[in-house]
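The values are calculated or read from the model by the stated rules, or taken from the named source; none is laboratory data. It should be emphasised that the depicted structure is a prediction, and the values quoted were computed from it without experimental measurement. All Cβ positions, even for glycine, are placed from backbone atoms using ideal geometry, and neighbour counts span all protein chains on display.
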Amino acid sequence: MSDAFSQIQCSLLVGLLSLIPNDGLRYTAVGLAAGVGVIYSLHLKRLSVQHRRLVSGIEETEQVIREAKEFCARDVLSLTEESVKLLEMKRWASIIQCRILDSSGFTWRYYRAVNKDLAEATNKIKKIRTAVQLIMEAERQRKFTEDINATQTVLAIRGSPAMAMVGMSLSYC
């Protein structure tokens, strides 16, 4: 989806550039667009922006765990384990925030180390969220299986007339 969107954006940009009659203005527009792109990508790489994304991922995962605890009463132990992992990640995010706030001067090596920690924490948060979502889907599938078995039991108790009707409708297709 994003690949198609970026292709559309590039096509529109090239189309708009062809409408500029003066070569000097066209090159200026390309340089300006490239500069804006570089500034935007640098903004996204800022540690504070990445930390905000990490915190929002933690909040989303907390919400998923809350919903899972309401939905999956049978698998409380696994959900509790994932909650503990999430709490550890919240503590790690707080430590990273302290490192970001405490830094008086950034060196390239320090930036890369903090950036690596942020990326690692974000990946762990995604793994926790995925594990909780898998637990919810397993519970959902279990409930579907129970519903199917209950419906089949009701149909078996009622006897074969219902099954005969199903067979008749299939034979007319």
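Considering region 123-140 alone, what residues qualify as being buried (at least 16 other Cβ atoms within 10 Å of the Cβ) and within 11 Å of CYS72 (Cα to Cα)? If the condition is that a residue be buried (at least 16 other Cβ atoms within 10 Å of the Cβ) and within 11 Å of CYS72 (Cα to Cα), then VAL132, ILE135, MET136, GLU139 are the ones that fit.
Filter region 36-52 for residues that are within 19 Å of the chain's Cα centre (by Cα) and of a type in the set (A, V, I, L, M); which is surrounded by the most Cβ atoms within 10 Å (Cβ to Cβ)?
For region 36-52, the residue satisfying everything is VAL49.
Restricting the first member to region 93-113 and to residues that are part of a helix (DSSP H, G or I), and the second to residues that are among the hydroxyl-bearing types (Ser, Thr, Tyr), the beta-carbon pairs closer than 8 Å and six or more apart or on different chains are ILE100/SER48; TYR110/SER103. Residues in region 51-87 that are under 20 Å from ILE100 (Cα atoms) and either outside the structural domain of ILE128 (by TED's automatic domain parsing) or β-branched (Val, Ile, Thr) (or both): VAL55, ILE58. From the list GLY57, GLY35, the lone residue that is touching a residue at least 40 places away in the same chain (Cβ under 8 Å), among the small types (Gly, Ala, Ser) and part of a helix (DSSP H, G or I) is GLY57.
With respect to the conditions (1) more than 13 Å from LEU54 (Cβ to Cβ); (2) modelled with pLDDT of 95 or more; (3) not acidic (Asp, Glu), PHE106 falls short on a single one, namely (2).
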